Amino acid sequence: MPLSQEHQISLLKDLLNNQQSDCCGSVAECEQVERLVKSLMANGNYSQDAISFLTEIYEYSQNGVNASNLDEHISSHLEQLSQWVENMDSLS
């Protein structure tokens, strides 16, 4: 059964929050973030601002999948992670 949009947003927030608070993550988490963002963008009717930050999250995750040091990649994006989590409230 597919996740509702509300559950997708909640899961995405949780994943980003965990990466921010732990300063680490896994390739599988990055791939999950990519799938969630793709689904939200395909099925949502969002403002240009929302599409912009969702695109940033998607690119962050793609770069994380390909990063030679994922923890360093996450650590270098802590400020953006915080901002993205705050922005998620505008999607609900």
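Residues of the range 10-30 with backbone nitrogen within less than 19 Å of a virtual label 7 Å along the Cα-to-Cβ line of S39, please, listed as ranges.
Taking a point 7 Å out along Cα→Cβ of S39, the residues of the range 10-30 whose backbone N falls under 19 Å are 10-19, 26-30.
Taking the Cα atoms only, what angle lies between the long axis of helix 27-43 and the longest principal axis of the chain, rounded to 10 degrees?
20
Report relative contact order for the chain in percent, whole number only (criteria: Cα-Cα under 8 Å, sequence separation at least 6).
So the answer I get is 42 percent.
For an R0 of 22 angstrom, estimate the FRET efficiency from the Cβ-Cβ distance between N69 and Q32 and round to the nearest 0.05.
Here the calculated transfer efficiency is 0.65.
With only alpha-carbon pairs counted, each pair once and no self-pairs, how large is the Kirkwood hydrodynamic radius of the chain in angstroms?
After inverting the mean inverse Cα-Cα distance, the result is 13.0 Å.
What order do you get for D71, D14 when you list them from fewest to most C-beta neighbours inside 10 Å?
Neighbour counts put them in this order, fewest first: D14, D71.
Which angle between 0 and 90 degrees, to the nearest 10, do you get for helix 78-87 versus the longest principal axis of the chain when only C-alpha atoms count?
10
Read-outs: derived from the displayed coordinates by stated rules, not from any lab. Being a predicted model, the structure only gives us computed values, none of them experimental. When we count neighbours, we look across all protein chains shown, and the Cβ atoms used for this are built from the backbone with ideal geometry, even at glycine.
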